[in-house]
Amino acid sequence: MFRLTEYMHQLVHPTPVRARRGTGPVKPVVIWNLTRRCNLRCRHCYTVSADVDFPGELSHEQAMETLEDLGRFGIPALILSGGEPLDRKDLFTIAARAKQLVRMLALSTNGTKIHDENADRVAEAGFHYVGISIDGIGATNDWFRGVEGAFADALRGVRECKARGIKVGLRFTLTRDNAKHLPDLLALCDAEGVDKFYLSHLVYAGRGDKHRGEDSAHHHTRAAMDLLIDRAWEAASGGAPLDIVTGNNDADAVYFRNWAARHFDEAKLDNLHDHLTAWGGNSSGVGVANIDPQGRVHPDTYWSDYTIGSVKQTPFSQLWTGDDPMLAQLRLRPRPLKGRCGACLHREVCGGNTRIRALQLTGDPWAEDPACYLSNDEIGVNEARLVAVTPFRGKRHDPAHDFS
């Protein structure tokens, strides 16, 4: 996750980079998909959820044992997700105990069921943050989400949360079909007093892989980032506050760094670069982990085809600190990247971007990420560097042509 607003503030009020404490593997933020059951049928759903009961999901006892292990291990944050987490009958029991064990507890939901008693229970659970997914205005959102009226119900969920003093964020997955709605969604955030806006780039997993042809073109991505950077600068300069973050395309950090280079002096740019390097970009298998509804552990939510192990047999803490070969490679710095990603001069900032997209398209998790929207000039790549990293015969794709 790239915290755009946080790094924008570094340009206004620079602070020193904080050194990491402790040794050993980073304790990850855990995204826990509690269930695959969901009342919506989203086109980009990475869990391929549906409104049915799926076999093999963790029992209540197994879930609570896992929760205790996460608490002893000392994870910094837990995000309860789905499917639709409100469809899990013991959600609030899990949340009540989780609140005692972790520093930050969040709920990731489609928002359509947050009303009346459910809204009261969400408030009573004390979530530090509730993220509600909306993928366009009105009928566009309903088409993406597969159910008529989903937009109105999600917006009601936003309002119910705000009425109860809950910190709320909107989550938006950018595609070529809804890119035009981004300005309206930011306006909606301002109108409804939404605290955070999360733009997710499409990842080729689950239904998102099936519909990868709907991924935003590079010029859509750049236009979206330009708009978000302008909005983040407005907030950092004393305008209407809105915390903006992006996810699943760590090239966003490089794009932002290049923007900063055009507008700020060398001292502020160096400080920003130090912060971005300390962050390190893509965190799959490092600072983020996933537990799926059946208890299988993955490097992140999109790595569903790669399983480290199951909490039904082995505690999460042991799996995460074990000798899994893929985790070992994901934790390498620099990673063994190829193609444009391997030749990029900003690898230390983006960390090689989203590896699962490369894996889905090429079968190689270290190939270049096809969703990097920066030109060769912007990342300091020329043919000699490409050949040095990955010998190649044939014509290479240069994203610069996408903007001509």
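How large is the charge dipole for segment 150-206, taken about the Cα centre, if only the Cβ atoms of Lys, Arg (+1) and Asp, Glu (-1) carry charge, to the nearest 20 debye?
Charge dipole, segment 150-206, about its Cα centre: 140 debye, nearest 20.
Please compute the length gained on full extension between residue 89 and residue 15, using 0.36 nm multiplied by the number of residues separating them and subtracting their Cα-Cα distance.
Full extension of this stretch gives 22.2 nm more.
Bins of 20 Å, beginning at zero and ending with the bin holding the largest distance: percent of Cα pairs per bin for the chain, please.
Final binned percentages: 27, 61, 12, 0.
Which shape class, rounded, prolate or oblate, goes with segment 147-199 when its Cα gyration tensor gives a ≥ b ≥ c as root eigenvalues, a/c under 1.5 marks rounded, and past that a/b bigger than b/c marks prolate?
The shape class here is oblate.
Based on DSSP, what percent of beta bridges with both residues in the chain are antiparallel, to the nearest 5?
If I count the DSSP bridges inside the chain, around 15 percent turn out antiparallel.
Hey, how many Å between the Cα centroid of segment 304-343 and the Cα centroid of segment 171-193?
34
Nearest 0.05, what FRET efficiency do residue 116 and residue 192 give at R0 = 30 Å with Cβ-Cβ as r?
The value I calculate is 0.95.
Using the Cα centre as the reference, give the magnitude of the dipole from point charges on the C-beta atoms of the chain (Lys, Arg: +1; Asp, Glu: -1; all else neutral), rounded to the nearest 20 debye.
Roughly 700 debye for the chain.
Calculate the dipole size of segment 27-178 relative to its Cα centre from +1 charges on Lys and Arg beta carbons and -1 charges on Asp and Glu beta carbons; express the result in debye to the nearest 20.
Here the size comes out at about 580 debye.
Return the calculated 222 nm mean residue ellipticity for the chain, to the nearest 500 deg cm²/dmol, obtained by summing -39500 (n - 2.57) across DSSP H runs with n ≥ 4 and dividing by the residue count.
So the calculated ellipticity at 222 nm is -11500 deg cm²/dmol.
Probe 1.4 Å, all protein chains in place: accessible area of residue 368 in Å², nearest 10?
About 70 Å², ignoring ligands and nucleic acids.
Any chance you could run the full-extension gain for residue 267 through residue 377? It's 0.36 nm times the residue separation minus the Cα-Cα distance, nm to one decimal.
37.3 nm
In nm, what is the difference between 0.36 nm times the number of residues separating residue 64 and residue 333 and their Cα-Cα distance?
93.4 nm
Please check the chain for the longest run free of trypsin sites (Lys or Arg not before Pro) that are loop-located per DSSP (anything but H, G, I, E, B) and have at most 12 other Cβ atoms within 10 Å.
Free of exposed loop sites, the longest segment is 104-392.
Specify which residue in the list 107, 73, 174 is farthest towards the positive end of the charge dipole of the chain, using unit charges on the beta carbon of Lys, Arg (+1) and Asp, Glu (-1), about the Cα centre.
Farthest towards the positive pole: 73.
Kindly work out what percent of the DSSP beta bridges joining two residues of segment 85-229 are antiparallel, to the nearest 5.
The antiparallel proportion sits near 5 percent.
Between 34, 381, 183, whose Cα lies farthest towards the positive end of the dipole of the chain when Lys and Arg beta carbons carry +1 and Asp and Glu beta carbons carry -1, centred on the Cα centre?
381
When Rg is the radius of gyration of the Cα atoms in segment 157-311 and Rh is its Kirkwood radius, what does Rg/Rh come to?
0.99
So, for the chain, what is the accessible surface per residue at a probe of 1.4 Å, expressed in square angstrom?
43
The values are calculated or read from the model by the stated rules, or taken from the named source; none is laboratory data. Model, not experiment: these values are computed from the prediction. Heads up, the Cβs are rebuilt from the backbone with ideal geometry, glycines too, and the neighbour counts pull from every protein chain shown. Surface areas here come from the heavy atoms of the whole protein model, side chains and all, with no ligands, DNA or RNA. Shrake-Rupley method; radii C 1.70, N 1.55, O 1.52, S 1.80 Å.
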